[in-house]
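See below for the structure under consideration.
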Amino acid sequence: MSDMNETLTNPEHMGQTGLRGAVVGDTRLSSIDGEKGELIYRGIDIHDLARSSTFEEVAYLLWFGALPSKAHLDEFHANLGRHRSMPPELLATLRTLPKKAVPMDALRTAVSALGLLDPNVNDMSEAAHIEKATRLTALVPGILAAYHRISEGLEPIASDPALDTAANFLYMFTGKAPDAKAARVLDVSLILHADHGMNASTFAAIVTASTLSDMYSSVTSAIGALKGPLHGGANEGVIHNLLEIGSIENVDAWVEKKLVAKEKIMGFGHAVYKAYDPRATELKAIAKEVGAAAGTTKWVEMTERMEQAVWKGKQLYPNVDLYSASVYYTLGIPTAYFTPVFAISRVAGWTAHVIEQYADNKLLRPRANYVGPRGVKYVPLGERTADVKL
Ligand code: COA
């Protein structure tokens, strides 16, 4: 503990820490035990939630700190359904975006635009926070489905309020009544991705919220952070790697080459887990089931082989993104939508953290360790014949 404090308080070390181990505040939402490979949402083990709960129940749990009664869950579901209607101005905005944009960029722009369309954007009451969290969680799947269809030259589809978040997303995305098994697989994946302590995108969200900026701005910041390949973007990287490798016989040599070249292999390693990521345990089992049901076990078999080869070469555990990749691929979700699917779920966690931040706010304002020169004389422009490098 004293070593960690030393690292965090000694300016000599600040630039090297990546804020690992730094505590930004208290939370009652989720906690990771990186040594044991445990994740809890409001005290409940992630394995129990994945096996028995639903994404909508988890969103309720995160926002309200309670497992809802049947009546309250039904009411919550109906409320999410009502908030799914897309404002016409937002749909019009989506139609103006470049058709070949990265969907995460389209989502970031759409969520930002949604803030412009909310007359209560700056209402800081608790009721308004819940209203905005509901609106965002209800609309993110529809925004992605609509953008996907527009970019394919198809008409967006209105939501079906009877369906839950996962099933409705598949319906709006594909235009077909969703297969119940596929919808449940996606629902479990949404449960597993809903919250994860002080991850980079959640941190981005609460930094923005801590300035008392609005919730849409906070979620826009978070989407920008999630997009990166070291965070949510890793699941897309995994499938690109599997496609590049091509077949199971090539896995070992490919992994060895990457490790020798000291290149990062997507879907492995974690800033907090030093054990098996419990979300990966669930997703690995799901990936096997989904592959078997679809009659295409190739991707999950290659992924397992990759897991063995990475363990042999570098003793790195898989993270959540390793097996979610083959699950989504087998479900037929286009690769560019893997990270957006992560966002469909994590928006519940981001908004929960933003609400928690507003409730006990302190501006988040760390320091940087200045390592540049000091006492440099200013050279007036007229006396410079070239750039004066500092
Ligand atoms: N592939 C290959 N080597 C990896 C690796 C990976 N995915 N993740 C970590 N390592 C190696 C590092 O190169 C380093 O090796 P070294 O000590 O020989 O230099 C060591 O493991 C420690 O890595 P480091 O980057 O310091 O760990 P971190 O805790 O800062 O990084 C991640 C965490 C997530 C950024 C990192 O594991 C990573 O980039 N993973 C790939 C991206 C990914 O899957 N992200 C999703 C996270 S849920």
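Collect the residues in segment 231-247 that are charged (D, E, K, R) and more than 9 Å from ASP321 (Cα to Cα), keeping them in residue-number order.
Listed by number, the list holds a single entry, GLU244.
Out of everything in segment 121-137 that is in contact (Cβ under 8 Å) with a residue 40 or more places away in the chain, among the hydrophobic types (A, V, I, L, M, F, W, C) and surrounded by fewer than 22 Cβ atoms within 10 Å (Cβ to Cβ), what residue ends up being farthest from GLN357 (Cα to Cα)?
Only one residue tops the list, namely VAL121.
Just one of PRO156, PRO141, PRO103, PRO178 is more than 30 Å from GLU282 (Cα to Cα) and out of contact with any Gly (no Cβ under 7 Å at 6 or more places or on another chain); which is it?
Step by step, each of PRO156, PRO141, PRO103, PRO178 is checked, and only PRO156 is more than 30 Å from GLU282 (Cα to Cα) and out of contact with any Gly (no Cβ under 7 Å at 6 or more places or on another chain).
Specify the residue that is farthest from the ligand (Cβ to nearest atom); the eligible residues are those in segment 317-346 that are among the small types (Gly, Ala, Ser) and under 20 Å from GLY246 (Cα atoms).
It comes out as GLY332.
Identify, please: which residue in segment 300-316 is within 15 Å of the ligand (Cβ to nearest atom), crowded, with 19+ Cβ neighbours inside 10 Å and touching a residue at least 40 places away in the same chain (Cβ under 8 Å) and is, among those, nearest to VAL102 (Cα to Cα)?
Per the stated criteria, the residue is THR303.
Any idea which of TYR328, TYR323, TYR276, TYR337 is of a type in the set (Ser, Thr, Tyr) and in a loop (DSSP other than H, G, I, E, B)?
Unique residue meeting the criteria: TYR276.
Which of the residues spanning segment 213-252 are in contact with an Asp or Glu (Cβ under 8 Å, 6 or more places away or on another chain) and among the polar types (S, T, N, Q)?
ASN235
For segment 85-120, give me the residue count where each residue is buried (at least 18 other Cβ atoms within 10 Å of the Cβ) and either among the β-branched types (Val, Ile, Thr) or under 26 Å from GLU236 (Cβ atoms) (or both).
Selection size over segment 85-120: 14.
For segment 263-299: of the residues being of a type in the set (Lys, Arg) and in contact with an Asp or Glu (Cβ under 8 Å, 6 or more places away or on another chain), which is nearest to GLU35 (Cα to Cα)?
Step by step, filter segment 263-299, then rank; the result is LYS274.
Only residues in segment 173-190 that are surrounded by fewer than 17 Cβ atoms within 10 Å (Cβ to Cβ) count as the first member; pair them with residues that are part of a helix (DSSP H, G or I), Cβ under 7 angstrom, at least 6 apart or cross-chain, and list the lot.
Short answer, once both residue conditions are applied: ALA177/TYR171; LYS181/ALA293.
Return the residues of segment 294-352 that are of a type in the set (Ser, Thr, Tyr), more than 23 Å from ALA145 (Cβ to Cβ) and under 20 Å from the mean Cα position of the chain (by Cα); say none if nothing qualifies.
Within segment 294-352, TYR317, TYR323 qualify.
So how many residues does segment 269-299 have that are on the phi > 0 side of the Ramachandran plot and either crowded, with 20+ Cβ neighbours inside 10 Å or modelled with pLDDT under 95 (or both)?
1
Considering every residue within segment 198-216, establish whether at least one is in a loop (DSSP other than H, G, I, E, B), in contact (Cβ under 8 Å) with a residue 60 or more places away in the chain, over 22 Å from PHE76 (Cβ atoms) and within 16 Å of the ligand (Cβ to nearest atom).
yes
Scanning segment 284-309 for residues that are of a type in the set (Val, Ile, Thr) and in a helix (DSSP H, G or I), which turns out nearest to VAL251 (Cα to Cα)?
Only one residue tops the list, namely THR303.
Going by what's in this entry, would TYR147 be described as in a helix (DSSP H, G or I), more than 28 Å from GLU75 (Cβ to Cβ) and at pLDDT 95 or above?
yes
Any chance you could count how many residues in segment 236-263 are touching a residue at least 24 places away in the same chain (Cβ under 8 Å) and near the ligand (Cβ under 8 Å from one of its atoms)?
So the answer is 3.
Is it true that some residue in segment 49-60 is modelled with pLDDT under 95 and not in a helix (DSSP H, G or I)?
no
The values are calculated or read from the model by the stated rules, or taken from the named source; none is laboratory data. This structure is a prediction, so every number in the text was calculated from the model and none was measured. Quick reminder, even Gly has a Cβ in these numbers, built from the backbone with ideal geometry, and neighbours come from all protein chains shown.
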